[in-house]
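Reading through the structure tokens given below for one structure.
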Amino acid sequence: DAKTTQPNSMESNEEEPVHLPCNHSTISGTDYIHWYRQLPSQGPEYVIHGLTSNVNNRMASLAIAEDRKSSTLILHRATLRDAAVYYCILRLLQGAQKLVFGQGTRLTINP
Amino acid sequence: GAVVSQHPSWVICKSGTSVKIECRSLDFQATTMFWYRQFPKQSLMLMATSNEGSKATYEQGVEKDKFLINHASLTLSTLTVTSAHPEDSSFYICSAGFVGRRYFGPGTRLTVT
């Protein structure tokens, strides 16, 4: 499986944008970039995914580098409820491929 | 959106007993489900892939005789921790999904005393 590298922790202030980086230099052409987050004492939840183009949804935006070797999850206006561990994962879109979690980035939001 | 439920949400059991955890996909059919465990301050570790109507596939290092998985229907997978010991105390999470995304259950916190 292609590996991703994320900072262990990041800190931001409420109502400010947050940029969470992910490096995936060995990504293959068929790998989609997925982001999940896990709030304390809960199961992970899906945030966003993309292949080549930048993606937006109601939760976040995903900016993908042109060479696809890195990506950035953008929370446009962080709230206290966004404090969580964010995981960047590469996987195929189709099929029952297992989802393997790395260490993720623990995001702290200051009021 | 699609929902995955788990039952129970927490359980305390005595060492040597067995505990069954249920994972249900509430509004979709899941031929494949995944079981994870998570220790405090650590990431999720995939334990096994549960396949409806066939044997589960276990990750390396996971004892299949200790963690019994049954996927008897398209909406239910169960994980039984047999002869539980304190080191099995953990947060167990199941997952299911289809194209594009996975849905995760809320987790089951197991404490073995």
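Kindly indicate which of A:12, A:41 is surrounded by 15 or more Cβ atoms within 10 Å (Cβ to Cβ) and more than 15 Å from the chain's Cα centre (by Cα).
Just a single option satisfies the conditions, and that option is A:12.
So residue B:54 fits all but one of (1) closer than 26 Å to residue A:49 by Cα; (2) of a type in the set (Gly, Ala, Ser); (3) at pLDDT below 95; what number is the exception?
Answer for residue B:54: the failing condition is (1).
Check off (1) more than 14 Å from every other protein chain (Cβ to nearest Cβ); (2) of a type outside the set (Asp, Glu); (3) within 21 Å of residue B:102 (Cα to Cα) for residue B:50 and give me the number that stays unchecked.
Among (1) more than 14 Å from every other protein chain (Cβ to nearest Cβ); (2) of a type outside the set (Asp, Glu); (3) within 21 Å of residue B:102 (Cα to Cα), the lone unmet condition for residue B:50 is (1).
Got at least one residue in the stretch A:86-98 being within 14 Å of the chain's Cα centre (by Cα) and assigned to a loop (DSSP other than H, G, I, E, B)?
No - not one qualifying residue is present in the stretch A:86-98.
Test residue B:110 against the criterion of being more than 14 Å from every other protein chain (Cβ to nearest Cβ) and of a type in the set (A, V, I, L, M, F, W, C), and give yes or no.
No: the conditions fail for residue B:110.
So, in the stretch B:62-74, of the ones that are assigned to a strand (DSSP E or B) and within 13 Å of the chain's Cα centre (by Cα), which residue ends up nearest to the other protein chains (Cβ to nearest Cβ)?
B:71
Counting just the residues of the stretch A:24-54 that are among the charged types (D, E, K, R) and more than 8 Å from chain B (Cβ to nearest Cβ), which one comes out nearest to residue A:76 (Cα to Cα)?
Checked the stretch A:24-54; the qualifying residue nearest to residue A:76 (Cα to Cα) is A:37.
Quick check, is residue B:74 in contact with a strand residue (DSSP E or B) (Cβ under 9 Å, 6 or more places away or on another chain) and at pLDDT below 95?
The answer is yes for residue B:74.
Identify the residue in the stretch B:33-46 that is in contact (Cβ under 8 Å) with a residue 24 or more places away in the chain and outside any loop (DSSP other than H, G, I, E, B) and, among all such residues, is surrounded by the most Cβ atoms within 10 Å (Cβ to Cβ).
By that ranking, first place goes to B:33.
Looking at the stretch A:40-81, which of its residues are assigned to a strand (DSSP E or B) and not aliphatic (A, V, I, L, M)?
Residues satisfying the conditions are A:45, A:46, A:49, A:50, A:56, A:61, A:70, A:71, A:72.
The conditions are (1) more than 14 Å from every other protein chain (Cβ to nearest Cβ); (2) under 23 Å from residue B:59 (Cα atoms), and residue A:88 fails exactly one of them. Which is it?
Evaluating residue A:88 over (1) more than 14 Å from every other protein chain (Cβ to nearest Cβ); (2) under 23 Å from residue B:59 (Cα atoms) leaves (1) as the failure.
Take the stretch B:75-105 and flag every residue that is surrounded by fewer than 19 Cβ atoms within 10 Å (Cβ to Cβ) and within 13 Å of chain A (Cβ to nearest Cβ).
B:98, B:99, B:100, B:101
The values are calculated or read from the model by the stated rules, or taken from the named source; none is laboratory data. Since we're looking at a predicted model, the values are computed, not measured. As a convention, Cβ positions derive from the backbone with ideal geometry for all residues, glycine included, and neighbour counts pool all protein chains shown.
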